[in-house]
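Heads up: the structure comes next, in structure tokens.
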Amino acid sequence: MICNRVLHSYKFSIKTLPFVTIPIRKASSEMIDQTTKVDKYTINHAVVGNGKHTILLLPGAMGTMQSDFAPQFSGLDKTKYTLVSWDPIGYGKSRPPEREYIPDFYVNDAEVLAKLMKEDVDIYESLKDISKWTPQLRSKLEAVYGAEYLERLWSNYCQYFINLLSSQNGEVCQRFLPQVLCPTLVLHGELDPLVPVYHGKFVADNIPNAKFHLVEKGKHNFHIKFADVINSKIDQFLSEK
């Protein structure tokens, strides 16, 4: 972990940040702004590289990840390191709100950053309960599997990814992406609650010559809700080949 300033008043134990060694954000090859909602804050952050050593870069007073760490993002070996940084609350693009210098604002920063680092695990934990699904979606799959088996099947699926994030840094098939040589169009829903946007961007960044298209207002099954738009995008993409 690299800090741009020595935080003399920093009282929060690093033991409360067990997730900094797990790069659960899917990284790109260059610094790309990503935003994630954590509690009441919208946090701007970036992950670059896919190395086994994760480096957490913490900006100093008034600093941002771009102003304080651009040389590290561009100069460090992205095959050896995964670089993670953020704009702290009230700084850079993590506004609003304005920065509030409360007595323990460093503690608050640490708590928010810890939650940011473990968000992928939380996504799968929150989705394990199928009673929170929409009745329409649940009824379709219950008709195929039955309610009891569907619940068990989905819970096991979510637990698999939770274990994967904890034990293998979320690695599924990253190493194979550069081997994909066919024309590839990556479509991803802007509001996907299951697979955050940075996953789609990572896939597009690491497949040679792939194209990425963000489906505005699209969730996980955007290809159903926006079928005409998606079919048109696919047709346009393949017609150019």
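The values are calculated or read from the model by the stated rules, or taken from the named source; none is laboratory data. The shown structure was predicted, so the numbers you read here are calculated from the model rather than taken from an experiment. Note that we place each Cβ from the backbone using ideal geometry, even for glycine, and neighbour counts take in every protein chain shown. When the accessible area is computed, the model is the full protein with side chains, heavy atoms only, and any ligands, DNA or RNA have been set aside. Shrake-Rupley method; radii C 1.70, N 1.55, O 1.52, S 1.80 Å.
A compact table of results
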{"read-out": "Extension gain (nm, one decimal) between Asp39 and Tyr149, 0.36 nm per residue minus Cα-Cα", "value": "36.2 nm"}
{"read-out": "Evaluated at q = 0.15, 0.21 Å⁻¹: base-10 log I(q)/I(0), Debye formula over Cα of the range 64-105", "value": "-0.48, -0.72"}
{"read-out": "Trypsin sites (Lys or Arg not before Pro) restricted to DSSP loop in the range 117-219 with at most 11 other C-beta within 10 Å", "value": "Lys217"}
{"read-out": "Hull shadow area, averaged, the chain [alpha-carbon convex hull, nm²]", "value": "15.3"}
{"read-out": "Rounded to the nearest 20 debye, dipole of the range 141-241 from Cβ charges on Lys, Arg, Asp, Glu", "value": "240"}
{"read-out": "Size of electric dipole in the chain: Cβ of Lys, Arg +1 and of Asp, Glu -1, about Cα centre, debye, nearest 20", "value": "240"}
{"read-out": "Value of [θ]222 nm, deg cm²/dmol, for the chain, DSSP H segments ≥ 4, -39500 (n - 2.57) each, nearest 500", "value": "-11500 deg cm²/dmol"}
{"read-out": "Computed over the range 45-139, the ratio Rg/Rh where both radii use C-alpha atoms and Rh is Kirkwood", "value": "1.11"}
{"read-out": "Total charge dipole magnitude, the range 47-132, about the Cα centre, Cβ charges on Lys, Arg, Asp, Glu only, Debye to nearest 20", "value": "340"}
{"read-out": "Positive-end residue of Met117, Ala227, Ile55, charge dipole of the chain with Cβ unit charges", "value": "Ile55"}
{"read-out": "Highest to lowest packing among 79-92, 55-68, 182-195, scored as the average C-beta count within 10 Å", "value": "79-92, 55-68, 182-195"}
{"read-out": "Solvent-accessible surface (1.4 angstrom probe) belonging to Glu98, in square angstrom, nearest 10", "value": "150"}
{"read-out": "Probe 1.4 Å - accessible area at His223, Å² to nearest ten", "value": "90"}
